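What follows is calculated from the coordinates using simple rules that are stated; it is not laboratory data. Here the structure is a predicted model, which is why all the values come from computation and not from measurement. Don't worry about glycine lacking a Cβ; one is built from the backbone with ideal geometry, like all the others, and counts go over all protein chains shown.
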Amino acid sequence: MLRFYESELRSRLLLGTARYPSPAILTEAVKASGAQVVTVSLRRESGGERAGQGFWSIIRDLGVRVLPNTAGCHSVKEALTTAEMGREVFGTSWVKLEVIGEDETMQPDVFGLVEAARILCKEGFEVFPYTTEDLIVAERLLEAGCRVLMPWGSPIGCGRGLNNLFGLKALRARFPEVPMVVDAGIGVPSHAAQALELGFDAVLINTAVSQARDPVAMAGAFAQAVAAGRAAYEAGPMEPRDLAVPSTPVIGKAFLG
Amino acid sequence: MRILVNGASREIRAADLTGALEELGYAGAVVATALNGEFVAAAQRQAARLADGDRIEVLAPMQGG
């Protein structure tokens with residue numbers, strides 16, 4: 001069973017709620033994915049249109065947990081204020097902490113991330129930091145009080161999968177007990193399966209589902225991939241080798257030359 | 001007085017944040033507020049006095065990744 005802070009979850013697929021063709025397709029995609037956690041954000045609300053109220057009603061009807069993010073925040077101050085606002089609106093102390101350092105790659109500002117994580121953990125937040133695969137940053141985040149890590153696979157929305165396998169494997173091996181969610185960059189179900197096969201506890205997907213030609217079908221495909229990847233991890237994958245090893249026994253082979 | 005609401009200039013009569021939200025059409029809405037960049041919890045809105053030139057942010061749940 002997957003555990004984030006004190007919550008146990010069956011599904012190892014977390015789903016983002018952005019960029020779906022329609023609210024109805026979002027609803028069906030969440031159901032097809034089996035996700036028990038969806039990410040949400042806060043944006044300016046117009047007193048006339050009140051668009052956020054309708055969205056929030058859809059999410060509440062889904063009966064899933066929400067993980068509010070601090071997407072788009074470039075400073076510690078912005079991230080802290082957004083986290084406070086999210087805690088009040090969504091009624092959860094969970095926060096997916098993003099402090100973006102650079103716009104082209106949306107790479108986390110890991111220095112600001114650690115600083116913000118330290119403050120939020122002290123204020124009682126349960127922080128899910130969006131980070132890189134850097135081991136020392138991970139160590140600092142854990143020291144700050146984070147009990148979940150969310151390393152990127154590759155830059156947000158790029159769909160390139162696990163960009164630094166060596167680094168991700170090293171991170172997994174260095175902190176075997178820490179729940180880790182590969183967040184960002186996953187493009188197709190095989191990427192998600194790979195993350196789970198490596199021993200990552202879960203994946204967070206958004207664009208790969210919402211921008212698929214058929215988001216609902218793709219959500220289902222990801223659910224299967226995540227289940228297969230986890231089952232493979234638990235089954236203990238074989239070690240890769242550089243040279244061929246015959247699978248058919250050599251002993252007893254006829255001499256026919 | 002004239003204040004900035006989500007970046008747009010608005011003329012309001014209310015003197016506190018609770019009154020401003022009602023006047024601006026947010027009554028009953030699930031929103032979070034900030035005044036001049038500082039979070040103001042729902043319970044503190046009544047006590048948050050507004051002055052000419054103040055900036056308020058009114059945020060609501062939205063799609064996110």
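Within region A:205-226, is even one residue crowded, with 22+ Cβ neighbours inside 10 Å, in a strand (DSSP E or B) and under 14 Å from the mean Cα position of the chain (by Cα)? Within region A:205-226, one or more residues are crowded, with 22+ Cβ neighbours inside 10 Å, in a strand (DSSP E or B) and under 14 Å from the mean Cα position of the chain (by Cα).
Scanning region A:74-128 for residues that are among the charged types (D, E, K, R), in a loop (DSSP other than H, G, I, E, B) and surrounded by fewer than 24 Cβ atoms within 10 Å (Cβ to Cβ) yields A:GLU102, A:ASP103, A:GLU104, A:ASP109, A:GLU123.
Is it fair to say A:GLY157 is within 14 Å of another protein chain (Cβ to nearest Cβ), of a type in the set (Gly, Ala, Ser) and in contact with a helix residue (DSSP H, G or I) (Cβ under 7 Å, 6 or more places away or on another chain)? When the stated conditions are applied, A:GLY157 passes them. The conditions of being within 19 Å of B:ALA60 (Cβ to Cβ), outside any helix (DSSP H, G or I), without any contact (Cβ under 8 Å) to a residue 60 or more places away in the chain and at the interface with chain B (Cβ under 9 Å from one of its Cβ atoms) are met by A:ALA71. Yes or no: A:LEU62 crowded, with 19+ Cβ neighbours inside 10 Å and more than 9 Å from every other protein chain (Cβ to nearest Cβ)? Taking the combined requirement at face value, the residue does not satisfy it.
Among the residues of region A:29-58, those identified as in contact with a Pro (Cβ under 9 Å, 6 or more places away or on another chain) and within 24 Å of A:ASP201 (Cα to Cα) are A:ALA29, A:ALA32, A:THR39, A:VAL40, A:SER41. Scanning region A:25-35 for residues being within 14 Å of another protein chain (Cβ to nearest Cβ) and either among the β-branched types (Val, Ile, Thr) or surrounded by fewer than 23 Cβ atoms within 10 Å (Cβ to Cβ) (or both) gives a total of 3.
Would you point out the residue of region B:37-56, among those that are more than 7 Å from chain A (Cβ to nearest Cβ) and surrounded by 13 or more Cβ atoms within 10 Å (Cβ to Cβ), that is nearest to A:ASN69 (Cα to Cα)? Looking at residues that are more than 7 Å from chain A (Cβ to nearest Cβ) and surrounded by 13 or more Cβ atoms within 10 Å (Cβ to Cβ), I get B:VAL40. Each residue in region B:37-65 was checked for being part of a strand (DSSP E or B) and touching a strand residue (DSSP E or B) at 6+ places or on another chain (Cβ under 8 Å), and 12 of them qualify. For beta carbons closer than 7 Å, sequence separation of 6+ or different chains, a first residue in region B:33-50 that is touching a residue at least 40 places away in the same chain (Cβ under 8 Å) and a second that is in a helix (DSSP H, G or I) and surrounded by 15 or more Cβ atoms within 10 Å (Cβ to Cβ), the qualifying pairs are B:LEU50/B:LEU17; B:LEU50/B:ALA20. Name the residue, out of A:ARG19, A:ARG3, A:ARG60, that is outside any loop (DSSP other than H, G, I, E, B) and under 30 Å from A:PHE111 (Cβ atoms). Testing whether each residue is outside any loop (DSSP other than H, G, I, E, B) and under 30 Å from A:PHE111 (Cβ atoms) leaves just A:ARG3.
Taking into account only those residues within region A:24-57 that are without any contact (Cβ under 8 Å) to a residue 12 or more places away in the chain and in a strand (DSSP E or B), which is nearest to the chain's Cα centre (by Cα)? Once the filter is applied, the top-ranked residue is A:ARG43.
Per the listing A:ARG50, A:ARG3, the residue uniquely more than 9 Å from every other protein chain (Cβ to nearest Cβ) and of a type outside the set (S, T, N, Q) is A:ARG3.
Within region A:205-231, residues that are charged (D, E, K, R) have Cβ atoms under 6 Å from residues that are part of a helix (DSSP H, G or I) in these pairs: A:ARG230/A:LEU196, counting only partners at least 6 apart in sequence or on another chain.
The set of residues from region B:1-36 being part of a strand (DSSP E or B), facing chain A (nearest Cβ under 8 Å) and not β-branched (Val, Ile, Thr) comprises B:ALA32, B:ALA34.
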